[in-house]
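A short write-up of the structure that comes next.
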Amino acid sequence: MDIGVNGVYHLSSSNYISRYKLAKLYADKIFGGYENIVEKEYAEFSFLDNRHIYCGLNGNRLAGMLKMTFQSIDEILDRYSRTYIHGGKKGYAHSDE
């Protein structure tokens with residue numbers, strides 16, 4: 001693909017999700033749930049730096065230049081679960097070790 005794009009870009013979707021929701025979604029989709037994940041207020045953490053509660057990168061600029069769309073986090077985790085957990089392929093989340 002040669003479209004004259006050069007430089008350093010973040011290759012990511014534009015999904016923004018709280019760290020709690022990401023952990024909860026991952027646990028639900030990959031492990032069938034985990035009731036010990038609880039949401040906390042930012043002030044309850046003792047981070048030494050100023051961390052954002054929401055995580056994600058905005059890849060819209062690159063996606064526009066490449067004329068592509070990204071999957072949502074739900075789609076990604078569903079596909080991962082089907083492929084590596086239920087599909088029998090060996091991955092780090094589905095290992096005999």
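Please work out which residue is least open to solvent (accessible area, probe 1.4 Å), limiting yourself to the stretch 22-53 and to residues that are small (Gly, Ala, Ser) and part of a loop (DSSP other than H, G, I, E, B). Here the answer is GLY33. Only one of the numbered conditions (1) without any contact (Cβ under 8 Å) to a residue 60 or more places away in the chain; (2) within 18 Å of MET68 (Cα to Cα) is not met by LYS40, and that is (2).
The values are calculated or read from the model by the stated rules, or taken from the named source; none is laboratory data. The structure displayed is predicted, hence computed values, not measured ones. Here the Cβ is made from the backbone with ideal geometry for all residues, glycine too, and neighbour counts use every protein chain on show. Each accessible area value is taken on the protein alone, full model and side chains, heavy atoms only, with ligands, DNA and RNA left out. Shrake-Rupley method; radii C 1.70, N 1.55, O 1.52, S 1.80 Å.
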